[in-house]
Amino acid sequence: MTATTQDHEDLAYNVFAKACPSRGTLEHVTGRWGGLTLGALYEGSLRFNELRRRVDGVSEKMLSQTLHALERDGLVHREAQPTNPPRVDYELTALGRQVAERLLALIHCVEGAMDDVLASRARYDETRGAL
């Protein structure tokens, strides 16, 4: 048994098990909008519309659902200010910052490899006769 396998078996949670609650959190973090939302909030506190502009393409409904899920998981903190009109700010929790740091490393890796990815796609499409 490798050290990685042993470490994985010693964990209280196992994301590979269907019923494990960690799987839902992983889906929230790695879903289409979750990772982008966490990455955007890594830069600092944002209001809802600022966040929506930063995460280009997300609908109001999807951003709202994403923020609720991330807040419930303890990754995002929502602070409503008692002003008129009400002001709501979103920021990462300490756990959210840890997760966002790792996501940003992945994002930077993907962005840095895009020339290779695009070349690979072109080769694949060429050999498969894609349009």
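The values are calculated or read from the model by the stated rules, or taken from the named source; none is laboratory data. All of these numbers come straight from a predicted model, not from anything done at the bench. Reconstructed Cβ throughout: ideal geometry from the backbone, glycine too, with neighbour counts over all protein chains shown. Quick note on the areas: whole protein, heavy atoms, side chains included, nothing else; ligands and nucleic acids left out. Shrake-Rupley method; radii C 1.70, N 1.55, O 1.52, S 1.80 Å.
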| note | Along the dipole axis of the chain (charges at Cβ: +1 for Lys and Arg, -1 for Asp and Glu; origin at the Cα centre), the most positive-end residue among Gly57, Leu26, Val15 is Gly57
| message | Over the Cα atoms, compute the radius of gyration (one decimal) and Dmax (the largest Cα-Cα distance, rounded to a whole number) for the range 45-103, in Å. | response | 11.7, 37
| note | Computed for the chain: size of charge dipole around the Cα centre, +1 on C-beta of each Lys and Arg, -1 on C-beta of each Asp and Glu, debye to nearest 20, value 460 debye
| message | With a 1.4 Å probe and all protein chains left in place, how much accessible area per residue does the chain have, in Å²? | response | 72 Å²
| message | Let me check the size of the range 15-81 from its C-alpha atoms; what are the radius of gyration and Dmax in Å? | response | 12.3, 40
| message | Binning at 5 angstrom from zero up to the longest distance, how are the C-alpha pair distances of the chain distributed in percent? | response | 2, 9, 15, 16, 16, 12, 12, 9, 6, 2, 1, 0, 0
| query | When only Cα pairs under 8 Å and 6 or more residues apart are kept, what is the percent relative contact order across the chain? | reply | 20 percent
| Excluding ligands and nucleic acids, what accessible area in Å² is computed for Leu95 using a 1.4 Å probe, to the nearest 10? | 80 Å²
| said: Test of understanding: in a Gaussian network model of the chain with alpha carbons linked when under 10 Å, which of Gln81, Gln65, Gln98 would top the mean-square fluctuation ranking? | reply: Gln81
| note | Ranked by GNM mean-square fluctuation in the chain (Cα springs under 10 Å), the top entry among Glu43, Glu71, Glu91 is Glu43
| query | Which of Arg54, Arg87, Arg72 moves most in a GNM of the chain, Cα contacts under 10 Å? | reply | Arg87
| query | To the nearest 10 Å², what's Lys61's accessible area with a 1.4 Å probe? | reply | 140 Å²
